[in-house]
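K.L.:
Pasting in a structure now, in structure tokens, and then I'll have a few things to ask.
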Number of protein chains: 2
Amino acid sequence: MSKLKTYILFLFFIVLANWAYSQTHPNLILTKKGVVEIREQLSQLPMLQSSLQQAIDLVDGEMLKGIDVPVPKDMAGGYTHNRHKKNYVLMQKAGVLFQITQDEKYAVYVRDMLMEYAKMYPTLGLHPANRSYAPGKIFWQNLNDANWLVYTSEAYDCVYDWLSAKERKKLEKDLFRPFADHLSVDSPQFYNRVHNHSTWGNAAVGMIGFVMNDQELIDRAFYGLKSDNIKADQKDNDGGLIKMPGQGQAGFFAQLDNLFSPDGYYTEGPYYQRYAMYPFVMFAEAIENYRPEVKIFEYRDSLLVKAVQTLLNLTDVNGLFFPINDALKGMSYLSRELVSSVDIVYHFGGQDAGLLSVAEQQGQVMLDDSGLAVAKAIQEGKQKAYQKKSANYKDGAAGNEGALGILRAGKGENELCLVMKNTSQGMGHGHFDKLSFSLYDDKGEVIPDYGAARYVNIEQKFGGGYLHENTTWAKQTVAHNTVVVNEISHFGGKTDTGNKFHSEPYFFDADQENIQIISAKENNAYPGVKMHRTLALISDTRFEKPILLDVFCVNSDTAQQYELPYHFTGQLLSTNYEYQCPEVLTKMGESYGYQHLRLEAEGQVKGGNAKVSWLANNRFYSLTSYVSPEDKLLLVRLGANDPNFNLRQEPAFIIRKNQQKDAVFVSVVEVHGKYDRVTEFADNAFSSISKVDLLVNTDEYTAVAFQDKKENKWVLILANQEACKDSKHQLNVNGTDYMWSGAYHFIQSK
Amino acid sequence: MSKLKTYILFLFFIVLANWAYSQTHPNLILTKKGVVEIREQLSQLPMLQSSLQQAIDLVDGEMLKGIDVPVPKDMAGGYTHNRHKKNYVLMQKAGVLFQITQDEKYAVYVRDMLMEYAKMYPTLGLHPANRSYAPGKIFWQNLNDANWLVYTSEAYDCVYDWLSAKERKKLEKDLFRPFADHLSVDSPQFYNRVHNHSTWGNAAVGMIGFVMNDQELIDRAFYGLKSDNIKADQKDNDGGLIKMPGQGQAGFFAQLDNLFSPDGYYTEGPYYQRYAMYPFVMFAEAIENYRPEVKIFEYRDSLLVKAVQTLLNLTDVNGLFFPINDALKGMSYLSRELVSSVDIVYHFGGQDAGLLSVAEQQGQVMLDDSGLAVAKAIQEGKQKAYQKKSANYKDGAAGNEGALGILRAGKGENELCLVMKNTSQGMGHGHFDKLSFSLYDDKGEVIPDYGAARYVNIEQKFGGGYLHENTTWAKQTVAHNTVVVNEISHFGGKTDTGNKFHSEPYFFDADQENIQIISAKENNAYPGVKMHRTLALISDTRFEKPILLDVFCVNSDTAQQYELPYHFTGQLLSTNYEYQCPEVLTKMGESYGYQHLRLEAEGQVKGGNAKVSWLANNRFYSLTSYVSPEDKLLLVRLGANDPNFNLRQEPAFIIRKNQQKDAVFVSVVEVHGKYDRVTEFADNAFSSISKVDLLVNTDEYTAVAFQDKKENKWVLILANQEACKDSKHQLNVNGTDYMWSGAYHFIQSK
């Protein structure tokens, strides 16, 4: 090729590149084309109108009060913290309002506020709170600073063309570029991790990079810092390692490659997945707008689409996320992160009509191209009911680190949903809850997971941060519905040890009408102890609603104490056994969460079954367990050793088996009847189960049975060593020969 | 007048009487004319349609299952109890359905079920449970039997004309007449009281009397039994005297004359008033239909109309009745008794358009002339919002036995409602709660009244009856928000003593915009101790919502221990003082409710104010009290000595002043801010009150002050001896001279 030809080709590429990456504004989230369409169609789209009106009401109200950019001082929940949080939301909304309404007052507001920040930012050192492993300048932690820049990038994009070149230069020089540098090159321990914190950092740097057309920042966002000098044992505030052993990459693509499993499950759990989704989907939308050739929504087999769908399925009947690991209860798919996620994934990820009904419940849409698409589709009546489903979500980047199992049975009033945690530890926010489960009905929690001990953004409670009791109670095994050996938590309560292991999913079958079943093993939580739990939702018209069968086998070479707690809420109604209540209440132990429990009643059964019933949410609940006369049955309550009243004083029922090598816990949980406080009618207030039994327990097989008051009988046989679907099994149980294929055999009497 | 003339006049009256009282059916609740109109207008009236459809769905569903009239056996909550309850509701509805749909299957169903009862009834002795002071035959207590007859009378009226004369004869001879006799002549201790039980009895006897055209029964219903041989000290199951000293009359008119105050307040409280209203309004409708000349709805200055209006005003924002005395929480104006009351009082009591909006919330109407009128009026758009109001309802038949004070301030999100109990004891279901209060906001309870310890119709909990803990906890003074002296309940916890006294309303002023105030005295609860409490709702734009000011003065000749508990719900957030938490929890006492409490934290203040804040229902609450350094500040929780887990383990804050003759408790309660679990924003999470102070306390005057963080100041001066509006007062407080007229003087700084 001649030099001339090369030169012409070179010129051509320059032109092409300039054309392809020529800067129009807005283009980050809202696009120039989107603005035109929104303005044209607004009057026909009520959801878009009301979302716009909400934004106008909020911003206009705050504009009246004037701009306040205080010198950073407070922790989360305090004034300056809340004010700066409000400011970035206001700037983002005002920017969008400027584009849609074309009312210049909004641009003026954004500019003036940005100028205040530009004036202050160069004067700031690290935030004075000095409580974070990676302090911000505006906030106590860089995480919040990254939030600020994600939101503010959109605001800047919206007013970019309206600002003078001189104004833009000042803002970029004094504010945005140093801000992006502080998040990244100045804070490698924050920026170069594979972690939700870094995702925020990457998105923030990339988004401002796009708006400023700064390729260096964009590269830094995509691929992280080239060097970071992070020490191998460096940890964050939550005790999590900064760099996991073997971590090679950093940056946004490293997050996409490593933070999610191939099923779109996020190892920290849905609460953090919700939080992390926002920078993922927002930055992805920006990438789609600026670099469509990346095909970011198709990346890794459409990972972001799967992640949002998985997240929506990890909710109870009210749309509340299952509070696995450190998770605050009450957080739901109504959150703004999910509004963005649903809109963006609908628009860029294949227009799933089920997402529209979620958007309808959310009652608002984003003020951008994706929100426009959703509002339009809803107006055209395209929405379908969102179908939640049973699923076994693989954990780990490669999908080989355990799984989170979800079983759903029954419809409407009869809905029952089981969550079983057979995953990896979940990093620094993980709980010591191997093989634990939680149960939900059509009203919400039945057998709950405690979630985190924290009151986010409530300053009175340790500045809104994680409480001491999060470590001493919420993370501990006894706070969960799984076996505790010798009153010690799984992995001795050590996150580093927990991080090395994951539970082993054994089998999962959600395809049968009468039984949905999930089984998993855990052999690392306690040295020398093998745990194998199988949970099944059984649907049979002879029961009012589906019931839960729980078979938990534990084996050890030496005798141990095994305890299985079932946490519940509401008021105990009755037990079928006698118990003694201590006159004086004391803490039950010194550590692993027992220091927060008090024993309220202790009893033993004479027969073979223990039954407790309770009333909550005007529903009746009963648990019937196969137990031996030596087993101790404890009613306990949370609340000891809680000098700041940080804990909710909730009850639990604990079955304690002492000095045993092998033990099998077999229980049936029923949700039944209802109580109406207005008519004062109690319907189906009593348990239907008359007996729960263990028939066989060998290394190879475990067989259990239960029957109802009409003497209908059900038998479940588990093959403990061979779960393959085609494996043939044969077992004689009490004189009856059973033959079957596969991991389990379920027999219902006619 | 000649004999002939007299004779002709006599004949004329006979004819008139026969014409006036000639029997048409139906005429008891549903009328012949009503049936025609309902059939004509049904298609235009959706509320009537849906109420009809509900009845059809219920009855048709049960008809498929067949008739079951089991031999009585069980207590409340058990099978036979529930079945017979269902039966009478089904018969009543089926009777009405027969009239409206003219489908004979409903008449057949009523007849067949009645015949089963007629077959069984003569074979029955008293109910085998043998637990009531007045056992029924179908149910464990006559009260339920009376319910049965009230409902069944309507069913009988609806099928009367359709039945053969022979069938009627059998039913009246074997079932209705002996049934009415058992309720009355056989059970004078049940029938001849002035009590809600007897009201049911009177109505039942009178209603079946009307249908059977049996003047003897009607007289017995109106005026009671002529003789009864009830002993002076005879008591019912709840420890209430059967006959109050001096009771002369009995029967329905005696109930109207004695059970309500002139304001329509029912001394047992709204929960029982709701229950009692049903026989009152149903029998009144029957009287209006059969004996219009009685003008029953105008009787005693339209007492029944007032009673229903008062009852509707004794509800919180959700329509839940204030749980004064023995009362189950959750009961509301959605109950069937209130559907009847609202419809009947609308139709017969002056067509108050506000009642229509209550009927709309109820979502159903009676299937009778009154329900027709309501459905029609709603369809015509006549409904207006029901306006709840501040009111001071006089207690006692003559209106001179204390009062129940209601203060309401603020609208919508800012709504605050105070209930102060300055009434008489409230008979056997009364609690020892003189001068107690409860506080409600727009979400419900803030400072709650515990209500009753009972799970009505839940068999597992003592057969659904009142629990032991109702006496040992719920009735006791410490279970309420009022002063306890020396850890003993008011009147030594003796109902008979309590029945002799009532509190003295001192003044009440709900006419001012900035302050609504109520004040009362109690000098009999403890010998030698004078108690005087003033409660005010203060509205000031400097506070987010109205606030509560509580001034409680106690005087005694000898030194005593005074304790003032404030019960709350939710999670303690913070205190402004240091406290110690005992390692071991023990019961706080041996009696008067203290045996059910455990001390969780005890502290003292160094400054002059104690402040506690808590979070409930995603709202913040703060209580700031003027206290001295010697005062003990206790955080306690319910739940000790509760072997059957009957009690809700709720917290309370107790201020204890020891060894004092005179004491003044001054507190401000704030409802403030909100917490959003989805956005995780906490707004206005801190108390605005910076100081609460006692300025003056003499026999003549008490002056208190409080100020906010911006040092705005408010002063309230109370004249303790002279509440007359025109009385002139003058007082120097800290160098400032105040002059005013009336019982109180309130000064807001500008």
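K.L.:
Just name the residue that is most open to solvent (accessible area, probe 1.4 Å) out of those in segment B:377-396 that are polar (S, T, N, Q) and farther than 15 Å from B:Phe508 by Cα.
P.N.:
Step one: filter segment B:377-396 for residues polar (S, T, N, Q), giving B:379, B:383, B:387, B:390, B:392.
So of that shortlist, the ones also farther than 15 Å from B:Phe508 by Cα come out as B:379, B:383, B:387.
Values: B:Gln379: 98, B:Gln383: 53, B:Gln387: 126 Å².
The selected residue is B:Gln387.
K.L.:
Next question, about the same structure. Which ones in segment A:62-80 are open to solvent by 30 Å² or more (accessible area, probe 1.4 Å) and either within 14 Å of chain B (Cβ to nearest Cβ) or assigned to a helix (DSSP H, G or I) (or both)?
P.N.:
Answer for segment A:62-80, where residues must be open to solvent by 30 Å² or more (accessible area, probe 1.4 Å) and either within 14 Å of chain B (Cβ to nearest Cβ) or assigned to a helix (DSSP H, G or I) (or both): A:Met63, A:Leu64, A:Lys65, A:Met75, A:Tyr79.
K.L.:
Report the residue count in segment A:634-645 for those that are surrounded by 23 or more Cβ atoms within 10 Å (Cβ to Cβ) and over 29 Å from the mean Cα position of the chain (by Cα).
P.N.:
Final tally of qualifying residues: 0.
K.L.:
Does B:Gln721 satisfy the criteria of being farther than 30 Å from A:Lys329 by Cα and either assigned to a strand (DSSP E or B) or over 35 Å from the mean Cα position of the chain (by Cα) (or both)?
P.N.:
No: the conditions fail for B:Gln721.
K.L.:
Okay, moving on. What are the pairs, 6+ residues apart or on separate chains, where a residue within segment B:242-261 that is over 20 Å from B:Asn400 (Cα atoms) has its Cβ under 8 Å from a residue that is basic (Lys, Arg) and part of a helix (DSSP H, G or I)?
P.N.:
Hits for this filter: B:Gly251/B:Arg220.
K.L.:
Return the total of residues in segment A:238-266 being in contact with a His (Cβ under 9 Å, 6 or more places away or on another chain) and outside any loop (DSSP other than H, G, I, E, B).
P.N.:
Number of matching residues: 1.
K.L.:
Please go through segment A:283-294 and pick out each residue that is open to solvent by less than 10 Å² (accessible area, probe 1.4 Å) and out of contact with any Asp or Glu (no Cβ under 8 Å at 6 or more places or on another chain).
P.N.:
Quick first cut of segment A:283-294, residues open to solvent by less than 10 Å² (accessible area, probe 1.4 Å) only: A:283-287.
Matches in segment A:283-294: A:Phe283, A:Ala284, A:Ala286, A:Ile287.
K.L.:
Select from segment A:469-488 the residues that are more than 18 Å from A:Ala327 (Cβ to Cβ) and not aliphatic (A, V, I, L, M) and write down the one among them that is nearest to the other protein chains (Cβ to nearest Cβ).
P.N.:
The selected residue is A:Glu487.
K.L.:
Which count do you get for residues in segment B:700-750 that are closer than 20 Å to B:Lys521 by Cα, open to solvent by less than 30 Å² (accessible area, probe 1.4 Å) and either among the aliphatic types (A, V, I, L, M) or modelled with pLDDT under 95 (or both)?
P.N.:
Number satisfying all stated conditions: 9.
K.L.:
Same structure again: If you take the residues of segment B:547-577 that are in a strand (DSSP E or B) and within 10 Å of chain A (Cβ to nearest Cβ), which of them is surrounded by the fewest Cβ atoms within 10 Å (Cβ to Cβ)? First the steps, then the outcome.
P.N.:
Restricting attention to segment B:547-577, the residues satisfying the condition of being in a strand (DSSP E or B) are B:547-567, B:571-575.
Pick out the ones that are also within 10 Å of chain A (Cβ to nearest Cβ) and you get B:571-575.
Working: B:Gln571: 17, B:Leu572: 20, B:Leu573: 23, B:Ser574: 19, B:Thr575: 21.
Checked segment B:547-577; the qualifying residue surrounded by the fewest Cβ atoms within 10 Å (Cβ to Cβ) is B:Gln571.
K.L.:
Would you confirm whether any residue within segment A:626-633 is among the small types (Gly, Ala, Ser), touching a residue at least 40 places away in the same chain (Cβ under 8 Å), surrounded by fewer than 17 Cβ atoms within 10 Å (Cβ to Cβ) and more than 30 Å from B:Val612 (Cβ to Cβ)? Quick ask: steps written out before the conclusion?
P.N.:
Looking only at segment A:626-633, we keep the residues that are among the small types (Gly, Ala, Ser), and these are A:628.
Subsequent filtering for residues that are touching a residue at least 40 places away in the same chain (Cβ under 8 Å) retains none.
No, there is no match, as no residue in segment A:626-633 is among the small types (Gly, Ala, Ser), touching a residue at least 40 places away in the same chain (Cβ under 8 Å), surrounded by fewer than 17 Cβ atoms within 10 Å (Cβ to Cβ) and more than 30 Å from B:Val612 (Cβ to Cβ).
K.L.:
Counting only residues that are in a strand (DSSP E or B) and touching a Lys or Arg at 6+ places or on another chain (Cβ under 8 Å), which one in segment B:623-637 is nearest to the other protein chains (Cβ to nearest Cβ)? Walk me through how you get there before you give the answer.
P.N.:
Let us first name the residues in segment B:623-637 that are in a strand (DSSP E or B), namely B:623-626, B:632-637.
Imposing the further condition that a residue be touching a Lys or Arg at 6+ places or on another chain (Cβ under 8 Å) reduces the set to B:623-625, B:632-634, B:636-637.
Numbers: B:Leu623: 14, B:Thr624: 15, B:Ser625: 18, B:Lys632: 18, B:Leu633: 14, B:Leu634: 13, B:Val636: 12, B:Arg637: 7 Å.
That would be B:Arg637.
K.L.:
Can you say whether A:Lys657 is charged (D, E, K, R), open to solvent by 30 Å² or more (accessible area, probe 1.4 Å) and more than 14 Å from chain B (Cβ to nearest Cβ), as far as the supplied structure shows?
P.N.:
Answer is no for this residue.
K.L.:
Return the residues of segment A:181-195 that are touching a residue at least 40 places away in the same chain (Cβ under 8 Å) and among the charged types (D, E, K, R); say none if nothing qualifies. Explain how you work it out, then say what you get.
P.N.:
Step one: of segment A:181-195, the residues touching a residue at least 40 places away in the same chain (Cβ under 8 Å) are A:182-185, A:187-195.
A:Arg193, the sole residue that qualifies.
K.L.:
Return the pairs, sorted by first residue and then second, in which the second residue is assigned to a loop (DSSP other than H, G, I, E, B), the first residue lies in segment A:513-525 and is surrounded by fewer than 22 Cβ atoms within 10 Å (Cβ to Cβ), the beta carbons are less than 7 Å apart, and the residues are 6+ apart or on different chains.
P.N.:
Pairs found: A:Glu513/A:Ser539; A:Asn514/A:Ser539; A:Asn514/A:Asp540; A:Lys521/A:Ser503; A:Asn524/A:Phe501.
K.L.:
Sort out which residues of segment A:296-342 are acidic (Asp, Glu) and under 19 Å from A:Gln387 (Cβ atoms), and write them in order of number. Spell out the reasoning first.
P.N.:
Restricting attention to segment A:296-342, the residues satisfying the condition of being acidic (Asp, Glu) are A:298, A:301, A:316, A:326, A:337.
Of everything in segment A:296-342, just one residue is acidic (Asp, Glu) and under 19 Å from A:Gln387 (Cβ atoms), namely A:Asp316.
K.L.:
Then there is this: Select from segment B:441-488 the residues that are of a type in the set (Phe, Trp, Tyr) and open to solvent by 10 Å² or more (accessible area, probe 1.4 Å) and list them in ascending order.
P.N.:
Just the residues of segment B:441-488 that are of a type in the set (Phe, Trp, Tyr), to begin with: B:450, B:455, B:462, B:466, B:473.
Hits for segment B:441-488 are B:Tyr450, B:Tyr455, B:Phe462, B:Tyr466.
K.L.:
Mind checking which residues of segment B:676-715 are in a loop (DSSP other than H, G, I, E, B), of a type outside the set (A, V, I, L, M, F, W, C) and either within 30 Å of A:Ser340 (Cα to Cα) or within 14 Å of chain A (Cβ to nearest Cβ) (or both)?
P.N.:
Step one: of segment B:676-715, the residues in a loop (DSSP other than H, G, I, E, B) are B:676-681, B:684-688, B:698-700, B:709-712.
Adding the requirement that they be of a type outside the set (A, V, I, L, M, F, W, C) leaves B:676-677, B:679-680, B:684, B:687-688, B:698-700, B:709-712.
The answer is B:Asp676, B:Arg677, B:Thr679, B:Glu680, B:Asn684, B:Ser687, B:Lys709.
K.L.:
Against the definition (out of contact with any Phe, Trp or Tyr (no Cβ under 7 Å at 6 or more places or on another chain), touching a residue at least 24 places away in the same chain (Cβ under 8 Å), of a type in the set (A, V, I, L, M, F, W, C) and within 9 Å of another protein chain (Cβ to nearest Cβ)), how does B:Ala640 come out, yes or no? Please lay out each step first, then the result.
P.N.:
Working: out of contact with any Phe, Trp or Tyr (no Cβ under 7 Å at 6 or more places or on another chain): yes; touching a residue at least 24 places away in the same chain (Cβ under 8 Å): yes; of a type in the set (A, V, I, L, M, F, W, C): yes; within 9 Å of another protein chain (Cβ to nearest Cβ): yes.
Yes; evaluated as a whole, the condition is true for this residue.
K.L.:
Can you say whether B:Val612 is more than 14 Å from chain A (Cβ to nearest Cβ), open to solvent by less than 40 Å² (accessible area, probe 1.4 Å) and closer than 19 Å to B:Lys632 by Cβ, as far as the supplied structure shows? Step through it out loud before you land on a result.
P.N.:
Working: more than 14 Å from chain A (Cβ to nearest Cβ): no; open to solvent by less than 40 Å² (accessible area, probe 1.4 Å): yes; closer than 19 Å to B:Lys632 by Cβ: yes.
It is false that B:Val612 is more than 14 Å from chain A (Cβ to nearest Cβ), open to solvent by less than 40 Å² (accessible area, probe 1.4 Å) and closer than 19 Å to B:Lys632 by Cβ.
K.L.:
Suppose we filter A:Gly136, A:Gly125 for residues that are closer than 25 Å to A:Val110 by Cα, crowded, with 24+ Cβ neighbours inside 10 Å and out of contact with any Leu (no Cβ under 6 Å at 6 or more places or on another chain); which single one remains? Quick ask: steps written out before the conclusion?
P.N.:
Working: A:Gly125 fails: crowded, with 24+ Cβ neighbours inside 10 Å.
Unique residue meeting the criteria: A:Gly136.
K.L.:
Which residue pairs have Cβ atoms closer than 6 Å, lie 6 or more positions apart in sequence or on different chains, and pair a first residue in segment B:157-180 that is within 17 Å of B:Ala107 (Cα to Cα) with a second residue that is part of a loop (DSSP other than H, G, I, E, B)?
P.N.:
These pairs meet every condition: B:Asp157/B:His25; B:Asp157/B:Pro26; B:Asp157/B:Leu28; B:Cys158/B:Pro26; B:Tyr160/B:His25; B:Asp161/B:His25.
K.L.:
State all residues of segment B:585-598 that are more than 8 Å from chain A (Cβ to nearest Cβ) and open to solvent by 40 Å² or more (accessible area, probe 1.4 Å); if no residue qualifies, say none. Explain how you work it out, then say what you get.
P.N.:
Residues of segment B:585-598 more than 8 Å from chain A (Cβ to nearest Cβ): B:588-597.
Passing the criteria: B:Met588, B:Glu590, B:Ser591, B:Tyr592.
K.L.:
I want to confirm something. Restricting to segment B:599-609 and keeping residues that are open to solvent by 20 Å² or more (accessible area, probe 1.4 Å) and not charged (D, E, K, R), which single residue is nearest to the other protein chains (Cβ to nearest Cβ)?
P.N.:
Only one residue fits best here, namely B:Leu599.
K.L.:
Then there is this: Would you check which residues across segment B:244-274 are at pLDDT below 85 and over 22 Å from the mean Cα position of the chain (by Cα) and list them?
P.N.:
Keep residues of segment B:244-274 that are at pLDDT below 85, which gives B:244-248.
The answer is B:Pro245, B:Gly246, B:Gln247, B:Gly248.
K.L.:
Taking only segment A:289-323 into account, find how many residues are among the hydroxyl-bearing types (Ser, Thr, Tyr) and under 29 Å from A:Ala409 (Cβ atoms). Let's see the steps before the verdict.
P.N.:
The initial filter retains those residues of segment A:289-323 that are among the hydroxyl-bearing types (Ser, Thr, Tyr), namely A:290, A:299, A:302, A:310, A:315.
Now drop any that are not under 29 Å from A:Ala409 (Cβ atoms), which leaves A:302, A:310, A:315.
Selection size over segment A:289-323: 3.
K.L.:
Based on what the data block shows, is A:Pro582 in a loop (DSSP other than H, G, I, E, B), more than 25 Å from A:Gly493 (Cβ to Cβ), more than 14 Å from chain B (Cβ to nearest Cβ) and open to solvent by 40 Å² or more (accessible area, probe 1.4 Å)? Walk me through how you get there before you give the answer.
P.N.:
Working: in a loop (DSSP other than H, G, I, E, B): yes; more than 25 Å from A:Gly493 (Cβ to Cβ): yes; more than 14 Å from chain B (Cβ to nearest Cβ): no; open to solvent by 40 Å² or more (accessible area, probe 1.4 Å): yes.
The answer is no for A:Pro582.
K.L.:
Could we say that A:Phe620 is in a loop (DSSP other than H, G, I, E, B) and within 14 Å of chain B (Cβ to nearest Cβ) here?
P.N.:
Working: in a loop (DSSP other than H, G, I, E, B): no; within 14 Å of chain B (Cβ to nearest Cβ): yes.
Answer is no for this residue.
The values are calculated or read from the model by the stated rules, or taken from the named source; none is laboratory data. This is a predicted model, so every value here is computed, not measured. Note that each Cβ is placed from the backbone with ideal geometry, even for glycine, and that neighbours are counted across all protein chains shown. Accessible surface areas use protein heavy atoms only, side chains included; no ligands, DNA or RNA. Shrake-Rupley method; radii C 1.70, N 1.55, O 1.52, S 1.80 Å.
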